[in-house]
Amino acid sequence: MAATPSGVPRTRVHVVSDVHGNARDLARAGDGADALICLGDLVLFLDYADHSRGIFPDLFGVENADRLVDLRTARRFEEARELGARLWGGIGMDRATAIEKAVRKQYAEMFAAFPAPTYATYGNVDMPPLWREYAGPGTTVLDGERVEIGGWVFGFVGGGLRTPMRTPYEISDEEYAAKIEAVGEVDVLCTHIPPEVPELVYDTVARRFERGSRALLDAIRRTRPRYSLFGHVHQPLVKRMRIGATECVNVGHFAGTGRPWALEW
């Protein structure tokens, strides 16, 4: 905890989201901060910027990764699923077993890189049942829960809402809304996905609207936290905007930038 020139202690936290396998920069993300906050998506299934990276190309090659990205970008989700089914059928290994093995390898590296203390919640591509196996004593996992940091109350809600992509941790709107309600009034509301605002959910590179939460937007308007922090949309149309009294911030695509977003008070 740093101090101002007047001697009053100040608190600084660094916030990351969408880590997607970037363990090297994650190990330095907490430097100079009192705590690190991670808003999920530790797993790298497929890097849309570099199709040679991730679980999918490791198993099926870059050419098939190129094809899958093309289909998903064109929103031809049924064809993308058919391609996946053909590929998985040809590897001679149960799909769930193969994915879990690869995810475990990534989680071992990611969680080892977390500084202490770290406060983390899940992204939509994460596998929550595995987190508590890998989270060390300096890492606190929260979902629909609150924690106090430097005198401020932080609420955490992980995961994403259901989409045609069918990523591992997508839940119903009702379940998500219940977690938002459980968090209640906080100073900082930390989620993986953004509130349902067009400028915040549109990805300018993928050229599509990602799913944001209406329940999160309603909670921001009702409870008026100081900040709403989130990730999920890698190249948003707008990175930051104000909703009433709340500063809403997409903390950035950490896998691409390697830089945390800083909050000090």
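Somewhere in the stretch 179-187, is a residue in contact with an Asp or Glu (Cβ under 9 Å, 6 or more places away or on another chain), of a type in the set (Lys, Arg), open to solvent by 30 Å² or more (accessible area, probe 1.4 Å) and at pLDDT 95 or above? No, that holds for no residue.
Restricting the first member to the stretch 203-216 and to residues that are free of Cβ contacts under 8 Å to residues at least 60 places away in the same chain, and the second to residues that are surrounded by fewer than 20 Cβ atoms within 10 Å (Cβ to Cβ) and aromatic (Phe, Trp, Tyr), the beta-carbon pairs closer than 7 Å and six or more apart or on different chains are PHE209/TYR202. Here the strands (runs of 3 or more DSSP E) wholly within the stretch 223-265 that include at least 1 residues being open to solvent by 30 Å² or more (accessible area, probe 1.4 Å) and small (Gly, Ala, Ser) are 261-264. Of all residues in the stretch 135-156, those that are free of Cβ contacts under 8 Å to residues at least 24 places away in the same chain have Cβ atoms under 7 Å from Cβ atoms of residues that are among the charged types (D, E, K, R) and open to solvent by 30 Å² or more (accessible area, probe 1.4 Å), 6 or more apart or on another chain, in VAL141/ARG132. Total residues in the stretch 70-88 satisfying the condition of being open to solvent by 70 Å² or more (accessible area, probe 1.4 Å) and in a helix (DSSP H, G or I): the figure is 6.
With respect to being farther than 22 Å from GLU174 by Cα, part of a loop (DSSP other than H, G, I, E, B) and either out of contact with any strand residue (DSSP E or B) (no Cβ under 9 Å at 6 or more places or on another chain) or among the aromatic types (Phe, Trp, Tyr) (or both), PRO164 falls outside the description. The residue of the stretch 53-65 that is nearest to VAL205 (Cα to Cα), among those that are part of a helix (DSSP H, G or I) and open to solvent by less than 60 Å² (accessible area, probe 1.4 Å), is ALA65.
The residue list VAL19, VAL13 contains one member that is touching a residue at least 12 places away in the same chain (Cβ under 8 Å) and in a loop (DSSP other than H, G, I, E, B), which is VAL19.
A single entry from THR97, THR73, THR121 fulfils the requirement of being of a type in the set (Val, Ile, Thr) and touching an Asp or Glu at 6+ places or on another chain (Cβ under 6 Å): THR121.
Just one residue in the set GLU185, GLU199 is in contact with a Ser or Thr (Cβ under 6 Å, 6 or more places away or on another chain), more than 25 Å from GLY54 (Cβ to Cβ) and not in a strand (DSSP E or B); that residue is GLU185.
The values are calculated or read from the model by the stated rules, or taken from the named source; none is laboratory data. Every value quoted in this text rests on a predicted model; they were computed, and no experiment measured them. Methodologically, a virtual Cβ is constructed for each residue, glycine included, from the backbone with ideal geometry; neighbour enumeration extends over all protein chains shown. All accessible areas refer to the heavy atoms of the entire protein, side chains included, with ligands and DNA or RNA removed. Shrake-Rupley method; radii C 1.70, N 1.55, O 1.52, S 1.80 Å.
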